[in-house]
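S.K.: Below you'll find the structure I mean.
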Amino acid sequence: MPTTAPNSNAAAPATPGGNATGPATPQDADQLIAAAIQEISHIATLPEITLKIIKLVEDPESTAQDLNKIITHDPALGARILKVVNSAFYGLPGQIGSINRAVVLLGLNAVKNIAIAASLAKLFRGGQICPQFAAKDLWTHSIAVGTCTRLLAEKVSLGLPDEAFLAGLIHDLGIMVEVQARRSKFVEAIEKMDATPGLTLRNAEQAALGANHEQFGAALCRAWKFPVSFSYVTGFHHRPMELAQSNRTLTGLVHVADIVAATSKLGFTRSIETEQIASELLQQLNLTQAQIDEVRVAMPAAMQTATGLLADGSPA
């Protein structure tokens with residue numbers, strides 16, 4: 001996945017063009033985003049072991065042995081990683097009985113992505129935040145988008161099934177930043193949407209919080225030192241065409257998956273801004289409507305598999 005910077009029109013502005021309704025300046029937005037990210041680190045974040053795994057895999061000199069040493073300190077996480085590796089998700093021949101073997105077959109990066117996915121459910125706890133929003137509904141939607149992104153990636157022969165799944169799973173991570181660090185303001189944004197027909201969630205967030213979930217999500221990805229491709233996904237999944245074409249594929253697939261999941265009424269659906277997928281984007285992704293329809297049919301079974309794999313520790 002190319003990781004060059006977005007084009008000049010796609011730089012992640014604190015106030016996305018055409019979507020600002022709040023008075024915050026870019027400097028104000030940067031400060032409030034930074035404060036929220038700092039606050040979330042004291043409320044609920046990825047487990048320390050997962051952050052260690054991310055750091056280790058970033059080191060070009062790290063080995064499967066190094067990764068195995070870290071994961072052995074958390075047998076439950078190790079078991080869940082092997083559960084995913086041995087599932088239909090990968091369809092590998094025979095049973096994989098060790099993290100070392102999983103790394104040999106899949107690579108350090110894939111095992112890291114599986115570890116992150118296995119750790120994310122804890123962030124989506126919080127129950128019913130307000131009548132219109134429950135964290136478990138966002139988790140359901142996130143699994144749906146992850147599943148759909150993976151299936152779409154197969155259609156366009158992107159490869160990297162774990163990266164595609166994780167990209168979809170984290171696309172709305174910024175909403176959880178808002179819920180955990182600025183809950184009352186997030187509820188205010190949801191109420192603004194109810195009071196103003198046609199108002200998008202991003203616009204409502206901008207008015208209530210001074211920033212939106214794309215910005216919060218991209219900032220959290222940077223803080224966690226995720227690959228830049230994931231910052232693009234969280235920061236541009238509603239507007240993938242604003243990215244440079246070389247950076248657009250994964251984010252574009254997540255954008256399509258987001259619409260497919262929402263129009264299929266899977267979990268929290270109010271974040272999407274259109275039910276139409278731009279023909280220009282489909283053309284660039286080399287994706288047809290027939291393929292999308294096939295993915296929609298395949299989603300229930302694939303989503304059931306993914307939900308089962310991530311069930312341990314999932315939100316109530």
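S.K.: Quick one: give the max-minus-min coordinate of the C-alpha atoms of the chain along each principal axis, largest first, in Å.
M.R.: 55, 46, 39
S.K.: Let me ask something else. Starting with the highest mean, order 278-289, 93-104 by the number of other Cβ atoms within 10 Å, averaged over the residues of each peptide.
M.R.: Final packing ranking: 93-104, 278-289.
S.K.: Taking the Cβ of Ala302 as the centre, find all other residues whose Cβ is under 15 Å away and add up their charges (Lys, Arg: +1; Asp, Glu: -1).
M.R.: With Lys, Arg at +1 and Asp, Glu at -1, the net is -1.
S.K.: Can you return the lysines within cross-link range of Lys55? Criterion is Cα-Cα under 24 Å, with same-chain partners fewer than 8 residues away left out.
M.R.: Lys69, Lys83, Lys112, Lys122, Lys225
S.K.: Two decimals is fine: what's Rg over Rh for segment 79-148, C-alpha atoms, Kirkwood radius as Rh? Before the final figure, lay out the partial values.
M.R.: Working: Rg = 15.1 Å, Rh = 13.7 Å.
The Rg/Rh ratio comes out at 1.10.
S.K.: Applying a 10 Å radius around every beta-carbon, put 207-217, 116-126 in order of their mean neighbour count, most first.
M.R.: Output ranking for 207-217, 116-126: 207-217, 116-126.
S.K.: Percent relative contact order of segment 137-264, based on C-alpha pairs within less than 8 angstrom and at least six residues apart?
M.R.: Relative contact order here is 27 percent.
S.K.: If you don't mind, another one. How tilted is helix 48-58 with respect to the longest principal axis of the chain? Cα atoms for both, answer in degrees (0 to 90, nearest 10).
M.R.: That works out to roughly 80 degrees.
S.K.: Let me see the P(r) profile for segment 163-254: every Cα-Cα distance counted, bins of 10 Å, each bin given as a percent of all pairs.
M.R.: Once binned at 10 Å, the Cα pair distances of segment 163-254 give 18, 46, 30, 6.
S.K.: Can you compute the helix-only [θ] at 222 nm over the chain? Use -39500 (n - 2.57) per DSSP H run of at least 4 residues, normalise by all residues, nearest 500 deg cm²/dmol.
M.R.: -19000 deg cm²/dmol
S.K.: List Met241, Met303, Met176 from most exposed to least, where exposure is judged by having the fewest other Cβ atoms within 10 Å.
M.R.: Arranged by neighbour count, lowest to highest, Met241, Met303, Met176 become Met241, Met303, Met176.
S.K.: Still on this model: Starting from the coordinates of the alpha-carbon atoms of segment 45-120, obtain the Kirkwood hydrodynamic radius over all distinct pairs and give the value in Å to one decimal.
M.R.: Roughly 12.2 Å, rounded to one decimal.
Since every read-out is calculated from the coordinates, none of them should be taken as a lab result. Everything quoted here is computed from the prediction, not taken from an experiment. For neighbour counting, all protein chains shown are included, and Cβ atoms are generated from backbone atoms with ideal geometry for every residue, glycine included.
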